Amino acid sequence: MYLLGEQPAYADRLINRLQGIPAQLLDGLAPSGDPIELGSSSSDITAQLPEQQVFLVQRGLLHARVDERPLFYLREGDLLGLRQGIELPTCHYCSDEPITLIPYARRAVFEHIHADEQRQELFTQYLIGHTALLSDALARLKQPEIRPTTGFQYFAEGEELIRQGDEADNVFIIIEGHAEAIVDGQKVGDVQRDEIFGAMAVFTQEKRSASVIASTACTVMVIPKDQFLGLMQNNPRIAHSLIESMARRIDLLNKEVTQLRLPMTA
């Protein structure tokens with residue numbers, strides 16, 4: 001995906017990382033048909049494509065327009081067709097050059113992703129990453145006084161990303177760097193790159209149960225609560241993947257607590 005206009009270095013880095021994900025998601029899955037060749041067109045290309053399909057852009061550049069306004073570009077390696085069934089403003093795609101698309105059955109794609117834990121995590125990164133990039137691009141077009149919190153924030157080593165006891169207004173993903181989870185002054189875990197954190201309090205509607213402090217300089221993707229919950233609703237597999245990740249984390253904490261209790265019992 002290309003964003004319109006000049007973009008900061010962190011956006012370029014994230015775009016380059018996201019660009020390689022679709023090929024990994026589709027690895028091992030056979031296309032549903034032969035490549036589709038389309039000529040340049042100023043009308044909506046998706047109207048010429050079969051329904052219930054997801055397409056991998058193999059060649060060419062697609063212009064995405066919402067309400068006839070240019071928004072972003074899809075390029076080689078991007079996925080087309082993920083927006084089906086979501087109540088969002090209509091997005092039209094056109095092109096000034098020939099396009100080659102590889103078709104995949106939509107249901108088969110999601111079953112293929114759901115069958116593998118690593119692919120689930122990658123799909124989560126892909127969707128949330130694109131959402132954050134577009135939100136951040138919009139935020140940079142606004143005046144500073146009305147700039148929303150969506151986008152990216154930066155924290156120096158030792159700074160608090162979130163504070164125990166605060167309201168849970170956002171969910172976060174570390175794009176670069178590393179952080180530690182602290183409860184009542186005690187370290188209870190690490191937060192690694194690409195890990196979603198801060199979601200538990202959003203789901204429970206309670207205050208933050210832990211502080212998260214940068215152990216190195218961090219770039220953090222910030223996703224507002226309502227936007228994150230909407231993403232969960234429209235993409236249940238992301239919610240499933242997140243729940244599995246939380247379950248693994250809880251299991252790990254239970255094991256650590258058990259190990260701490262053993263010496264006391266002895």
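The values are calculated or read from the model by the stated rules, or taken from the named source; none is laboratory data. Since this is a predicted model, take the numbers as computed values, not measurements. Protein only, heavy atoms only, side chains kept; ligands, DNA and RNA dropped before computing areas. Shrake-Rupley method; radii C 1.70, N 1.55, O 1.52, S 1.80 Å.
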What ranking of 212, 183 comes out by heavy-atom accessible area, probe 1.4 Å, highest first?
183, 212
Per residue accessible area in Å² of the range 174-231, where ligands, DNA and RNA are left out and the probe is 1.4 Å
46 Å²
Tell me the carbon and sulfur percent of the accessible area for the range 174-231, rounded to whole percent, probe radius 1.4 Å.
51 percent
